[in-house]
Amino acid sequence: MIERTGVPAGTPPGARWRLVAGLAVTQTVSWGVLYYAFSVLLVPMQDDLGWSRSVLVGGFTTAVVISGLSAPLVGRLLDAEVTRPLIVGGSVLGTAAVLGWSRVGSELAYYAMWAAIGLAMAAVLYEPAFTVLAKRTAPDHRRAITAVTLLAGLASFVFQPFTSALTGQWGWRTALVVLAAVLAAVTVPIHVAVLGPVGRAPARPARRARARPEETSDPRFWALTAAFVGVTTASLATGVLLIAYLVDHGWSLGRAAFAGGTLGAMQLPGRLAFGPLTSRLSRRVLVAGLFTVPGVGILTLLVAGGGRGVWAAVVVLGFGQGATTLLRATLYVDLYGIERIGALNGWSGTPITCARALAPLAASLVVGWTGSYTVAFVGLVGCSVGAAALAADVLGRAPACPGGRARADVAAPDGRP
C-alpha cells in the first residue's frame, strides 16, 4: 500500500544553531549527571550502604543495557516526529530517577532506579540528539554534531569534580539531589524551547512505515554495525582497564587517573580533526583507518608497559574515540539518508550500546582468569583490526551518497531507493 508521507523540511538557520547550542548544553549536563557521576559516587555508596562493588556496578550496567534495548523504539518515535515529548519526558524521568536513587535503601529499589535511568539515557543521550541534528540541520549535520560533541566531551571534566565536591561537602545522597535539580533546571526548559515542531517537506510516495526498517534486512547494515561493535569493544574496554593496568605497572593512582583524564581530553582533537579528514579521505579509507586506531593505541600500551610510551598510547586512543563518535553519528546518514535514520540508529545502537556496557566486564574477566593484561589486550587489538577489515569490505561494496551529503532519497547500499 502506498501512503503519502513527508520528511521534515529542516530548521531555519537561526533556529538551527539555537538547536545546536541548546543540545550542546543539555548533552553536557545529561552525560554528566546520568553517566559520569556514578564513578565518583561508587566508593561513597559502598562505604555507606555496605553493598559489594559488583552489586553497585551492576545497577549502572543494567541502565546501559536497557538504554541499548530501548533504542529501536526511541528511533521509531523520533522518525514519527514525537521529538519534544520524548526527549523532554526523558529529562523528567531522569530527574525523578536520580532523586529516587538518592533515597534508595534496598538493592531492589537501587536496580529499579537504574532501570529508569536507562530509559532516560535512551531518550536524551547521543543517539536521539544525533538523529534530531541529522534531520534538522542537514546538509550541515557534520558541523552541528561536531559542535555538540565538542562541548559534551567536557561532561566528565566538569561533572566528576563537581560531584566529588558535592559529595565531600554533603554526602552522596545530597549530591544526587543537587545533580537532579541541575538536570531538571537546565535540560527540561532548553529541550522545551529548542525542540519545537518543524515544517514538513511536500508529501511524496513512500512505503508504509514499518516497525523494523527494510534497510535492516540488508546483511551489510548488520556487518557495518558489527564493525562498530568491534571498535567500541576495543576502545571502551581499554579505557576501563587503563588505570588498573598502570597501577599494576607501578604508577601511583593519581598519576594513572590523570592519564585516564588525558585520554578523555584527547577526544576533542579527534573530533576537531574529523571534518578535515572527511574532506581529504575516501569514506572507505577514513572508516578503516579510524577503526584501526584503537589497535595501534593498545599495541603501543603493551609495548610501553609502564614507560613513557603510555602517553603516546593515551593520545592515540583518545583521538580515535573522539573521531569515531562523530563517524557513527554521520555514517548511517550518509549511506541511508535521513528519512528513517532514527529507526536505523536505534537498531544499530542496541548491540553497540550493549557492547559499551558488557565489553569492560568481559575484558576484566579475561584479566582475572589469565592473571595478565596481555591476553585481553591482544584480543582487543583483534577486535579493532577485525572491525577495520569488515568495514572496509562493506564500504567497498556500498555506493556513497553523491558528494558525501545526506539526502532523504539516497539509495541504500543494495541500490534500493
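Per-residue HN-Hα couplings for segment 227-238, Karplus 6.51 cos²θ - 1.76 cosθ + 1.60 at θ = phi - 60°, whole Hz, x for Gly and Pro?
Values per residue, Gly and Pro as x: 5, 5, 4, x, 6, 5, 4, 4, 5, 5, 5, 5 Hz.
Once every Cα of segment 12-149 carries one equal point scatterer and solvent is ignored, give the base-10 log of I(q)/I(0) from the Debye formula at q = 0.13 Å⁻¹, two decimals.
Rounded to two decimals, the profile gives -0.58.
Please give the calculated 222 nm ellipticity per residue for the chain, where each DSSP H segment of at least 4 residues contributes -39500 (n - 2.57) and the sum is spread over every residue; nearest 500 deg cm²/dmol? Walk me through the numbers on the way to the answer.
On the way: 16 runs with 322 residues, N = 417.
The helix-only estimate for the chain comes to -26500 deg cm²/dmol at 222 nm.
Order 292-304, 76-88 from most to least packed using the mean count of other Cβ atoms within 10 Å. Before the final figure, lay out each step's value.
Values: 292-304: 21.8, 76-88: 19.3.
Ranking, from highest mean packing down: 292-304, 76-88.
Nearest 0.05, what FRET efficiency do Ser282 and Trp17 give at R0 = 30 Å with Cβ-Cβ as r? Don't skip to the answer; put the middle values down first.
On the way: r = 30 Å, r/R0 = 0.99.
About 0.50, to the nearest 0.05.
With a cut-off of 8 Å between alpha carbons and a minimum separation of six or more residues, what is the relative contact order of segment 214-404 in percent?
Details: 228 pairs, mean separation 75.9, N = 191.
Relative contact order of segment 214-404: 40 percent.
Going by C-beta contacts inside 10 Å, put Thr187, Thr325 in order with the fewest on the left. Please report the intermediate quantities before stating the final value.
Working: Thr187 28, Thr325 21.
Final ranking by Cβ density, sparse to dense: Thr325, Thr187.
Where does each of 309-317, 359-367 land if you order them by average Cβ count within 10 Å, highest first?
Ranked by mean Cβ neighbours within 10 Å, highest first: 309-317, 359-367.
Is there a quick way to get the dipole size of the chain? I mean about its Cα centre, with the Cβ of Lys and Arg at +1 and of Asp and Glu at -1; what is the value in debye to the nearest 20?
Details: 32 positive and 17 negative charges, 222 e Å.
Taking the Cα centre of the chain as origin, the dipole is about 1060 debye.
Please work out how much length the chain gains when fully extended from Trp311 to Ala185, using 0.36 nm per residue of separation minus the C-alpha to C-alpha distance, in nm with one decimal.
On the way: separation 126, 0.36 × 126 = 45.36 nm, distance 3.85 nm.
Result: 41.5 nm gained on full extension.
Just to be sure I understand the model, the point goes 7 Å from the Cα along the line to the Cβ. What's the resulting Asp393 to Ala362 distance in nm?
It works out to 1.8 nm between the two label points.
Val293: net charge of surrounding residues, Cβ under 15 Å, Lys/Arg +1, Asp/Glu -1, itself excluded? Let's see the in-between values first.
Working: positive: Arg271, Arg328; negative: none.
Overall, the nearby charge balance is +2.
Could you give each residue of segment 102-118 its phi-based ³J(HN,Hα) in whole Hz, using Karplus coefficients 6.51, -1.76, 1.60 with θ = phi - 60°, and x for Gly or Pro?
These are the phi-based 3J(HN,Hα) values: 5, 10, 5, x, 9, 5, 4, 5, 4, 5, 5, 5, 5, 4, 5, 5, x Hz.
In angstroms, what radius of gyration and Dmax does the chain have, counting Cα atoms only?
21.0, 67
How much FRET efficiency would the formula 1/(1 + (r/R0)^6) give for Trp170 and Ser106, where r is the Cβ-Cβ distance and R0 is 22 Å, rounded to 0.05?
On the way: r = 23 Å, r/R0 = 1.02.
Rounded to the nearest 0.05, the efficiency is 0.45.
Based on the Cβ-Cβ distance of Val192 and Leu42, what FRET efficiency does E = 1/(1 + (r/R0)^6) give at R0 = 30 Å, to the nearest 0.05? Don't skip to the end; give the middle numbers.
On the way: r = 33 Å, r/R0 = 1.09.
Given R0 = 30 Å and the Cβ-Cβ separation, E is 0.35.
So what is the relative contact order for the chain, in percent, with contacts set as C-alpha pairs under 8 Å and at least six apart?
Numbers: 655 pairs, mean separation 110.2, N = 417.
Rounded, it is 26 percent for the chain.
Bear in mind that the values in this text are calculations on the coordinates, not laboratory data. As the structure is a computational prediction, the values presented were derived from the model and not from experiment. Virtual Cβ from ideal backbone geometry, glycine too; neighbours counted across all protein chains shown.
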